[in-house]
1. Which residues, taken from the range 115-128, are touching a helix residue (DSSP H, G or I) at 6+ places or on another chain (Cβ under 8 Å) and either surrounded by 17 or more Cβ atoms within 10 Å (Cβ to Cβ) or over 14 Å from residue 37 (Cα atoms) (or both)?
2. I need every pair where a residue in the range 42-60 that is on the phi > 0 side of the Ramachandran plot and surrounded by 12 or more Cβ atoms within 10 Å (Cβ to Cβ) has its Cβ under 7 Å from the Cβ of a residue that is in a helix (DSSP H, G or I) and at pLDDT below 95, sequence separation at least 6 or different chains.
3. Checking the structure you have, find out if any residue of the range 9-19 is at pLDDT 95 or above and within 28 Å of residue 140 (Cα to Cα).
4. Which of the helices (runs of 4 or more DSSP H) contained wholly in the range 85-181 include at least 3 residues that are within 29 Å of residue 16 (Cβ to Cβ) and within 23 Å of the chain's Cα centre (by Cα)?
5. What are the pairs with Cβ atoms under 6 angstrom where one residue, in the range 12-35, is on the phi < 0 side of the Ramachandran plot and without any contact (Cβ under 8 Å) to a residue 40 or more places away in the chain and the other, located anywhere, is surrounded by 13 or more Cβ atoms within 10 Å (Cβ to Cβ) and not in a helix (DSSP H, G or I)? Sequence gap at least six, or different chains.
6. Out of 23, 30, which single residue is part of a helix (DSSP H, G or I), more than 22 Å from residue 135 (Cβ to Cβ) and either modelled with pLDDT of 95 or more or within 23 Å of the chain's Cα centre (by Cα) (or both)?
């Protein structure tokens, strides 16, 4: 027997809002705590959370948010059933996935890091600050997310080029003057 759950639009939007808030909260923690003075860290300042685990949690929440956006899209189209595997084959999945990858890139670009030249000159132990995500690690994560965004952008480009719609009746003349060959 297949598991199922019924949600109305309000439930779906409420869950999405909670996930939005968690992603925002966790993103701020990573941005604010990636570079901390060793004194502040030793004094127990900050959240005390593992930032790498928190970033992983954000990625899991982004996947859930893509699904919720799909569910909301289906509800808006009057559909009453949602199959995630079928959804993954749609252009909506590509749209929402590209948006999430690009939002992640924005987050990553806002994370402060230690100056690599200063680390090289003084040595990591002599700086007085510590970081979880180095400039190099963030660059790698950005690269990975950009590849993901490129994949979904290519899917969208193919959809935009290949998908057609036929307009029948009197309304078929309304757009003819705007069509370019």
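1. Answer for the range 115-128, where residues must be touching a helix residue (DSSP H, G or I) at 6+ places or on another chain (Cβ under 8 Å) and either surrounded by 17 or more Cβ atoms within 10 Å (Cβ to Cβ) or over 14 Å from residue 37 (Cα atoms) (or both): 116, 127.
2. Taking only residues 6 or more apart or on different chains, the pairs are 46/40.
3. Taking every residue of the range 9-19 in turn, at least one turns out to be at pLDDT 95 or above and within 28 Å of residue 140 (Cα to Cα).
4. 91-110, 135-162
5. Correct list of pairs: 29/47.
6. Selected residue: 23, the only one of 23, 30 that is part of a helix (DSSP H, G or I), more than 22 Å from residue 135 (Cβ to Cβ) and either modelled with pLDDT of 95 or more or within 23 Å of the chain's Cα centre (by Cα) (or both).
The values are calculated or read from the model by the stated rules, or taken from the named source; none is laboratory data. Values in this document were obtained by computation on a predicted structure and should not be read as measured data. When we count neighbours, we look across all protein chains shown, and the Cβ atoms used for this are built from the backbone with ideal geometry, even at glycine.
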